[in-house]
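A.B. asks: Right, I'll just put the structure down here and ask away after.
The values are calculated or read from the model by the stated rules, or taken from the named source; none is laboratory data. In this text, all values refer to a predicted model and were calculated from it rather than measured experimentally. Cβ: placed from backbone, ideal geometry, glycine included. Neighbour counts: every protein chain shown.
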Amino acid sequence: MIDNVNWTATIVFVFFFALVTVIGFLASRWKAADLNHLQEWGLGGRRFGAWITWFLLGGDLYTAYTVIAIPSVVYAIGAYGFFAVPYTIIIYPFLYLTLPRLWAVSHKRGYLTAGDFIAGRYGDKGLELAVAFTGILATMPYIALQLVGMEKVIQALGFPREGAFAHAPLTIAFVILALYTYKSGLRAPAMIAFVKDIMIYIFVIAVVIVVPVELGGFGPIFDAADKAYAARIASNPKAVAGVTLASQQIGPYITLAIGSAMALFMYPHALTGTLAASSGEAIRRNTMTLPAYSFLLGLIALMGMMAHAAGVKVTNPQDAVPQLLLKIFPDWFAGFCFAAIAIGALVPAAVMSIGAANTFTRNIWKPFVNSQMTPAEESFLAKLVSLIVKVGALAVILFIPTQFALDLQLLGGVWMVQIFPAVIFGLFTRWYAGPALLIGWAAGMILGTALSWGTTAWVAVQPLGYIPFVGKFDLGFNLAVYNGLLAVIVNIMVATIISAVWSRQGADETQAGDYEDARVAA
Amino acid sequence: MKYVLLFAPCLIALAAPLYNSIDPTLAGVPFFYWAQLLLIPVSAICIFIADRIAKARP
């Protein structure tokens, strides 16, 4: 059963895993405060400066699943997987203009979640619930996918893929994660992120230096990848793959980048990492420094092509990176890389469960079940929910086919972008009415889900060639658009039209000055 | 000027047909890849300059 285990790699892996476990528990004493207060447990007391925020958000956004999934798309179909690069380029100028405002108003009014802001800004419990529900719904499969990333590297260590004990290592890892998140709250992933991010940088830089040296430069790598895509198309004429984009991939490439960028900072875990910052200036500084991780992600994407050049042949593209690492590195360093990826799953999984727990406590339980909660009760409920969310994610992996989690993750992005109008427009104007945004949200959710409902599988993009007029424009490529973007455009139109005729406005507890932060050093 | 600096890199990043080619290659890397990778630090520097401008003229 464990005859195939690579013990050298496993020992290195377990060493680093044990190290971050100790850090996770010790983190409760870091910047010591009363963790029976939700702002302390769930937001680190908003005391993370520019450096800590950089490590935390970097560790939180560039997840283990990303490290496995992006190169797997590149391995399978090539250039299209690189959409992650324009996606992460366009996001930072946008964040620069919006997040300091959200941080300022949240700091001033004590908001912990997007739902808190919506409730204060629009005075509309229905919209608050919609925002909270969407966040939790989209986060659950995302946590499950972190487990997929972790499981891929555990399998690569040689542990069995089938049988009664196949999921045992994963379950143990996740129980440990659940315990220190329960104890230390956001401080645990913030502290572990330092270790994780440094490990990932070492691992990626090593790959980018070693692989081209061993394979004779980048030229042969792209040539080998080109041949692999040609072979794929030869065996399946319907397949689209290549070192550059095919004409029908251009529309999806662009719109997927835009839609994904709009969705990312609507996720509870992204906002949790942001609101934990100590100042608006710390956030601005991060919009200039976080692109370092985007560059890293671009290099990680290229590993999909390096795998072809190194002769890695796998049926599941998600095994491409682990197998590449085993092939090019000595066992001990492969173990180090696998530990980096697995720890890379722990940080986002922890922040996601904390973000979902904060959201459930503040925007579902407090307004609808018990409005008289004390801070200690809030903190206790959030800790409990963080455990439940993690058990749920583990159950998804243990009992439901992985494909289902992948499909839900795809839909999660389509759903998450539907709260964009309420949150982002709300930072700049109160022209939109709460109920109008709620109806727009519902329209976007239904349309986005319906568009994604393919006949055989869930689909991400929608060809528009059949629509009169739209299909007539010759843009040099077939127009196809990411469902999330299409749905949010309809969402915005509906919200705009209804707001124009809606006369009653809910209470707004915020003032114009709340959105401006004093520009002091981070 | 601040907004030009913030939006110009985004527009270039989204103009996929502009950079969707193999040539010119850089050290064996096709244009498609090195151009996008290069745009990442360029966009970060643009945000930095935009922020300097915003600080100078609040």
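A.B. asks: Does A:L411 count as farther than 30 Å from A:V461 by Cβ and either out of contact with any Leu (no Cβ under 9 Å at 6 or more places or on another chain) or crowded, with 20+ Cβ neighbours inside 10 Å (or both)?
C.D. replies: no
A.B. asks: Among (1) under 22 Å from the mean Cα position of the chain (by Cα); (2) at pLDDT 90 or above, where does A:L406 come up short?
C.D. replies: Of everything listed in (1) under 22 Å from the mean Cα position of the chain (by Cα); (2) at pLDDT 90 or above, A:L406 misses just condition (2).
A.B. asks: Additional query: Within region A:206-226, identify whether any single residue is within 30 Å of A:V22 (Cβ to Cβ), assigned to a helix (DSSP H, G or I) and more than 9 Å from chain B (Cβ to nearest Cβ), and answer yes or no.
C.D. replies: For region A:206-226, residues within 30 Å of A:V22 (Cβ to Cβ), assigned to a helix (DSSP H, G or I) and more than 9 Å from chain B (Cβ to nearest Cβ): present.
A.B. asks: Which one is farthest from B:I47 (Cα to Cα) among residues in region A:262-284 that are surrounded by fewer than 23 Cβ atoms within 10 Å (Cβ to Cβ) and either of a type in the set (S, T, N, Q) or within 11 Å of chain B (Cβ to nearest Cβ) (or both)?
C.D. replies: Filtering first and then ranking leaves A:S278.
A.B. asks: From A:I198, A:I176, A:I192, A:I172, grab the single residue that is in a helix (DSSP H, G or I) and surrounded by 20 or more Cβ atoms within 10 Å (Cβ to Cβ). So that I can check it myself, show each step before the final result.
C.D. replies: Working: A:I198 fails: surrounded by 20 or more Cβ atoms within 10 Å (Cβ to Cβ); A:I176 fails: surrounded by 20 or more Cβ atoms within 10 Å (Cβ to Cβ); A:I172 fails: surrounded by 20 or more Cβ atoms within 10 Å (Cβ to Cβ).
A:I192 is the lone residue from the list that is in a helix (DSSP H, G or I) and surrounded by 20 or more Cβ atoms within 10 Å (Cβ to Cβ).
A.B. asks: Any residue at all in region A:111-126 that's under 20 Å from A:G448 (Cα atoms), assigned to a helix (DSSP H, G or I) and of a type in the set (A, V, I, L, M)?
C.D. replies: No, region A:111-126 contains no residue that is under 20 Å from A:G448 (Cα atoms), assigned to a helix (DSSP H, G or I) and of a type in the set (A, V, I, L, M).
A.B. asks: Give me the pairs: first residue in region A:481-504 and surrounded by 15 or more Cβ atoms within 10 Å (Cβ to Cβ), second residue of a type in the set (S, T, Y), beta-carbon distance under 7 Å, and six or more apart or on different chains, which are they?
C.D. replies: These pairs meet every condition: A:V481/A:T255; A:Y482/A:T255; A:N483/A:S452; A:L485/A:T255; A:A495/A:Y432; A:S499/A:Y432.
A.B. asks: Surrounded by fewer than 15 Cβ atoms within 10 Å (Cβ to Cβ), more than 21 Å from B:T25 (Cβ to Cβ), free of Cβ contacts under 8 Å to residues at least 12 places away in the same chain and of a type in the set (G, A, S): is that true of A:A234 in this structure?
C.D. replies: Working: surrounded by fewer than 15 Cβ atoms within 10 Å (Cβ to Cβ): yes; more than 21 Å from B:T25 (Cβ to Cβ): yes; free of Cβ contacts under 8 Å to residues at least 12 places away in the same chain: yes; of a type in the set (G, A, S): yes.
When the stated conditions are applied, A:A234 passes them.
A.B. asks: Now a separate question. Can you tell me which residue within region B:16-46, out of those that are within 8 Å of another protein chain (Cβ to nearest Cβ) and in a loop (DSSP other than H, G, I, E, B), is nearest to the chain's Cα centre (by Cα)?
C.D. replies: Once the filter is applied, the top-ranked residue is B:N20.
A.B. asks: Starting from residues that are among the β-branched types (V, I, T) and surrounded by 15 or more Cβ atoms within 10 Å (Cβ to Cβ), keep the ones in region A:15-28 and report whichever is farthest from A:P330 (Cα to Cα).
C.D. replies: A:I23
A.B. asks: Just a yes or no: is a residue in region A:302-316 surrounded by fewer than 23 Cβ atoms within 10 Å (Cβ to Cβ), without any contact (Cβ under 8 Å) to a residue 12 or more places away in the chain and basic (K, R)?
C.D. replies: yes
A.B. asks: Looking at region A:43-101 only, could you name the residues that are within 26 Å of A:F420 (Cβ to Cβ) and free of Cβ contacts under 8 Å to residues at least 60 places away in the same chain?
C.D. replies: A:L97
A.B. asks: For residues in region B:6-15 being more than 8 Å from chain A (Cβ to nearest Cβ) and in contact (Cβ under 8 Å) with a residue 24 or more places away in the chain, which is farthest from A:G298 (Cα to Cα)?
C.D. replies: Ranking the qualifying residues of region B:6-15, first place goes to B:A8.
A.B. asks: Going through region A:368-386 one residue at a time, which ones are more than 14 Å from A:L35 (Cβ to Cβ) and buried (at least 16 other Cβ atoms within 10 Å of the Cβ)?
C.D. replies: Passing the criteria: A:M373, A:V385.
A.B. asks: Now for a separate question. Residue by residue through region A:80-94, note down the ones that are under 16 Å from A:F265 (Cβ atoms) and either more than 9 Å from every other protein chain (Cβ to nearest Cβ) or within 18 Å of the chain's Cα centre (by Cα) (or both).
C.D. replies: The first filter runs over region A:80-94 and keeps only residues under 16 Å from A:F265 (Cβ atoms), leaving A:84, A:87-94.
The answer is A:A84, A:Y87, A:T88, A:I89, A:I90, A:I91, A:Y92, A:F94.
A.B. asks: Quick one: count up the residues across region A:95-116 that are over 22 Å from B:I47 (Cβ atoms) and either within 14 Å of chain B (Cβ to nearest Cβ) or among the charged types (D, E, K, R) (or both).
C.D. replies: Number of matching residues: 3.
A.B. asks: While we're here: So in region A:58-79, with the set limited to residues that are small (G, A, S) and more than 17 Å from the chain's Cα centre (by Cα), which one is surrounded by the fewest Cβ atoms within 10 Å (Cβ to Cβ)?
C.D. replies: Filtering region A:58-79 for residues that are small (G, A, S) and more than 17 Å from the chain's Cα centre (by Cα), the one surrounded by the fewest Cβ atoms within 10 Å (Cβ to Cβ) comes out as A:A76.
A.B. asks: Go through region A:289-317 and give me each residue that's within 12 Å of another protein chain (Cβ to nearest Cβ) and outside any helix (DSSP H, G or I).
C.D. replies: A:L290, the sole residue that qualifies.
A.B. asks: Just checking, does region A:272-280 include any residue being in a loop (DSSP other than H, G, I, E, B) and out of contact with any strand residue (DSSP E or B) (no Cβ under 7 Å at 6 or more places or on another chain)?
C.D. replies: Within region A:272-280, one or more residues are in a loop (DSSP other than H, G, I, E, B) and out of contact with any strand residue (DSSP E or B) (no Cβ under 7 Å at 6 or more places or on another chain).
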